[in-house]
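All of the numbers you see were taken from the coordinates with simple rules; none came from a lab. The structure displayed is predicted, hence computed values, not measured ones. Glycine gets a Cβ as well: all are built from the backbone with ideal geometry, and neighbour counts include every protein chain shown.
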Amino acid sequence: MALDFEKEKLERELKKRKPKKVLVQLAEGIKQNSFEFLDTFAKLGIEVIFSGETSWGACAPAVQEAQYLGADLIVHFGHAEFYDEKFPILYIEVKDKLNLTPLLKKSLPALKKYKKIGFSYSIQHRHDLEKIKSFYEKNGKEVVLSKKLGHVAYEGHIVGCQYGGLKAIEKDVECFVIMGNQFHGMGAVLSVEKPVILLDVYNDEVRSLSGLREKILKQRAASIEKFKNAKRIGIIVEIKPGQKFGSPKYLLDKIKEQGKEAIVITMNELSPDKLMNFYNIEAFVELACPRIAIDDFAKYPRTIITFKEALIALGVKSWKDMLNIGLV
Ligand code: SF4
């Protein structure tokens, strides 16, 4: 995989911002690339420390680490800006240098029935957007980009917890084409009802995700039912600054109104082993990344659901309302 770490932008921004000490955060898939741009920092005499903590999204810039280390800038590689943070952060989105034409050609048979396609891409392919649009247009398609809503940084950009931009164009398109990986595609099928075709760039595959929606919704409905029957509940909040998906106080009050017991539990990063010793809690609701409960539920020792799902379990919203909004 050939990646462009945008060294010119990095150097230009570093010269402008003049930091003395930088904390570098690399997305998980590019942690091994830490030596590729060290020279840019070295020639400007900037001290660099690499964060070894996980970096799944720009929802979690390492602000606490940076403050602890006395760094005056975070350089966050591999994601686009997600929310407004007071601490200075430079986002380097990192471009994937791929020849996408063979994959786009491969997608045409799957798109034969459709003329108007809703299109979304993961951030590494943004620089190829015009080429992608023109390819489809030359092949008789009309491309509508998902809207820039919520935490996404650009029109057409997709992140795993924000699908309102796809919902917003659903009535105008016949299907969705997602350029990214299974994670992005799976979030899309949970949020929209029109067919979703995934262009899986890293496996060089085109996949129709039909059938996946029903399978996952069935599983989520089963977890919501189990949560409803639980008498003792844990509400989990992470301290990652961009991961505030719902109010713990609101849930605590709602759960108590129903004659059940609940506590709020905080952690840096939720993982199955951290819940093992809370063995007297029957079910958990997590207000961190919603994809933890949806994608990783099988790894957890107890039922675990998202904030939106808890609203269904507690009778605040109906299942139908939630499907209209989108489960992710
Ligand atoms: S909350 Fe989850 S899906 Fe959203 S950006 Fe963060 S890690 Fe990705």
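Could you tell me how many cubic angstrom of Cα convex hull volume the range 122-193 has per residue? Each step should come with its number before you reach the end.
Working: hull volume 5.9 nm³, N = 72.
That works out to 82 Å³ per residue.
Amide H to amide H, which residues 5 or more places from Gly156 or on other chains are under 5 Å from it, using H placed in the peptide plane?
Those lying under 5 Å, H to H, from Gly156 are Ser146, Lys147, Lys148.
Treat the range 226-328 as a sphere of radius equal to its Kirkwood radius over Cα pairs and apply Stokes-Einstein at 10 °C in a medium of 1.306 mPa s; give the translational diffusion coefficient in µm²/s, rounded to a whole number. Don't skip to the answer; put the middle values down first.
On the way: Rh = 13.6 Å.
The estimated diffusion coefficient comes to 116 µm²/s.
Can you run phi through the Karplus equation (6.51, -1.76, 1.60; θ = phi - 60°) for the range 19-27 and list ³J(HN,Hα) in whole Hz, with x for Gly and Pro?
Listing the rounded values in order: x, 9, 9, 10, 9, 9, 10, 10, 4 Hz.
Could I get the Rg over Rh figure for the range 62-112? Both from C-alpha atoms, Rh via Kirkwood, rounded to two places. Mind showing how you got there, number by number?
Values: Rg = 18.4 Å, Rh = 14.1 Å.
When Rh is taken as the Kirkwood radius, the ratio is 1.31.
Stokes-Einstein D for the range 1-152 at 20 °C, 1.002 mPa s, Kirkwood Rh over Cα pairs, in µm²/s?
Details: Rh = 17.4 Å.
Calculated translational D: 123 µm²/s.
When the dipole is taken about the Cα centre of the chain, and only Lys, Arg (+1) and Asp, Glu (-1) are charged at their Cβ, what size is it in debye, to the nearest 20? Intermediate values should be presented prior to the final figure.
Values: 52 positive and 43 negative charges, 170 e Å.
It works out to roughly 820 debye.
Quick check for me: using +1 on Lys/Arg Cβ and -1 on Asp/Glu Cβ, what's the dipole size of the range 22-68 about its Cα centre, in debye to the nearest 20? List each step's numbers first, then the result.
Details: 2 positive and 6 negative charges, 12 e Å.
Computed charge dipole of the range 22-68: roughly 60 debye.
State the answer as a single residue: which of Gly70, Phe82, Ala27 lies farthest towards the positive end of the charge dipole of the range 7-103, with beta carbon charges of +1 for Lys and Arg and -1 for Asp and Glu, about the Cα centre.
Of the options given, the answer is Gly70.
Would you pull out the residues with amide H under 5 Å of Cys175's amide H, same chain only if 5 or more places away, H placed 1.01 Å from N?
Correct list: Gly118.
So, by mean Cβ neighbours within 10 angstrom, what's the order for 117-124, 40-47 with the highest one leading?
Working: 117-124: 23.8, 40-47: 13.6.
Per-residue Cβ counts within 10 Å, averaged per peptide and sorted highest first, yield 117-124, 40-47.
Along each of the three principal axes of the Cα atoms of the chain, give the extent in whole Å, ordering the values from largest to smallest.
Result, largest extent first: 61, 56, 28 Å.
Set the Förster radius R0 to 41 Å, insert the Cβ-Cβ distance between Glu205 and Lys256 as r into 1/(1 + (r/R0)^6), and round the FRET efficiency to 0.05. Before the final figure, lay out each step's value.
Working: r = 48 Å, r/R0 = 1.17.
My answer for the efficiency is 0.30.
Once the dipole of the range 212-328 is set up with Lys and Arg at +1 and Asp and Glu at -1 on Cβ about the Cα centre, which of Met276, Ala310, Leu287 lies farthest towards its positive end?
Ala310
For the range 65-154, count the residues as N, evaluate 2.2 N^0.38 Å, and divide the Cα radius of gyration by that value, please. Don't jump to the answer; show the numbers that get you there.
Numbers: Rg = 17.6 Å, N = 90, 2.2 N^0.38 = 12.2 Å.
Against the empirical 2.2 N^0.38 Å value, I get 1.45 for the range 65-154.
Starting from the amide H of Leu73, placed 1.01 Å from N in the peptide plane, find each other amide H under 5 Å away whose residue is 5 or more places distant or on another chain.
Lys21, Leu23
Within the range 271-292, list the residues whose amide N lies under 16 Å from a label point set 7 Å along Cα→Cβ of Lys317.
The answer is 285-292.
Given 5 Å bins starting at zero, what is the percent of C-alpha pairs of the range 157-230 in each, up to the one with the largest pair distance?
Going out from 0 Å in 5 Å bins, the range 157-230 shows 3, 16, 24, 23, 16, 9, 5, 3, 1 percent.
Take every Cα-Cα pair in the range 173-295 and report what % of them are more than 20 Å apart. Present the calculation step by step, with values, prior to reporting the outcome.
Details: 4127 of 7503 pairs.
Every Cα pair in the range 173-295 considered, those over 20 Å come to 55 percent.
Using the Cα centre as the reference, give the magnitude of the dipole from point charges on the C-beta atoms of the range 69-117 (Lys, Arg: +1; Asp, Glu: -1; all else neutral), rounded to the nearest 20 debye.
Values: 9 positive and 6 negative charges, 188 e Å.
Approximately 900 debye in magnitude.
If you plug each phi of the range 166-177 into the Karplus form 6.51 cos²θ - 1.76 cosθ + 1.60 with θ = phi - 60°, what whole-Hz ³J(HN,Hα) values come out, in order, with x for Gly and Pro?
Each residue's phi maps through the Karplus curve to give 7, 4, 5, 10, 4, 6, 8, 10, 9, 7, 10, 10 Hz.
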